[in-house]
Amino acid sequence: VGMYASSAARDALSSLSKTADRVKALASLQSSVKANPPTSFLLKMNFKVGAEKMASAIADSVSPRHNNVNDVEELKTLIFDGVSAKGAATKGTTFQFDCANSGVGVSVDGKKQGQVSSAGLAQSFCDVYLDDKCVSSALRDSCLDNNCA
């Protein structure tokens, strides 16, 4: 997983120590990314996964963080349709999720699948990777390693 954030979001961490200020740095990472869009998340598959399983896994990560079921279902459909078009998410398949004030844009292997027009969903998607119950603590650690003092 890779994350690409605005310079304003990265700058918010520059004066914090990744060790001495770890709790504050993690909170600042989450809040600054959400306050300074856009932020993109790039996922690259290491093994083959079917369309339904991939779409469900991502939707299941977002749904506890977002209260609009329709937004989550729309996100799931965009992912499912993008993967189904190629048969499955095979090794090397990339997913890009562009989180902005306008919502979440979804691309599969560089091909835009569409956007869910929901700023709240974009914020919730960021939380999947940045909150205390994140799906990738290694990503949060990498962000601190690369942006904190």
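Numbers for the structure displayed
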item: Residue within segment 48-63 that is among the aliphatic types (A, V, I, L, M), more than 22 Å from Val104 (Cβ to Cβ), part of a helix (DSSP H, G or I) and within 17 Å of the chain's Cα centre (by Cα) present; result: no
item: Residue among Lys91, Lys18, Lys24, Lys86 that is part of a loop (DSSP other than H, G, I, E, B) and touching a Leu at 6+ places or on another chain (Cβ under 7 Å); result: Lys18
item: Any hit, segment 119-130, residues being in a strand (DSSP E or B) and not charged (D, E, K, R); result: no
item: Number of positions in segment 119-133 that are over 10 Å from the mean Cα position of the chain (by Cα) and either at pLDDT below 95 or open to solvent by 20 Å² or more (accessible area, probe 1.4 Å) (or both); result: 5
item: Selected residue (criterion: surrounded by the most Cβ atoms within 10 Å (Cβ to Cβ)) from residues of segment 64-81 that are in contact with a helix residue (DSSP H, G or I) (Cβ under 7 Å, 6 or more places away or on another chain) and assigned to a helix (DSSP H, G or I); result: Leu75
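Per-residue answers, yes or no, for (1) basic (Lys, Arg); (2) within 19 Å of Gln113 (Cα to Cα); (3) without any contact (Cβ under 8 Å) to a residue 12 or more places away in the chain:
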| position | (1), (2), (3) |
| --- | --- |
| Ala25 | no, no, no |
| Ser32 | no, no, no |
| Thr39 | no, yes, no |
| Lys44 | yes, yes, no |
| Ser61 | no, no, no |
| Arg65 | yes, no, no |
| Val83 | no, yes, no |
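The values are calculated or read from the model by the stated rules, or taken from the named source; none is laboratory data. Nothing here was measured: the structure is a model prediction, and the numbers come from that model. A quick note on method: Cβ atoms are made from the backbone with ideal geometry, for glycine too, and the neighbour counts reach across all protein chains shown. Remember, those area values only see protein heavy atoms, side chains included, never the ligands or the DNA or RNA. Shrake-Rupley method; radii C 1.70, N 1.55, O 1.52, S 1.80 Å.
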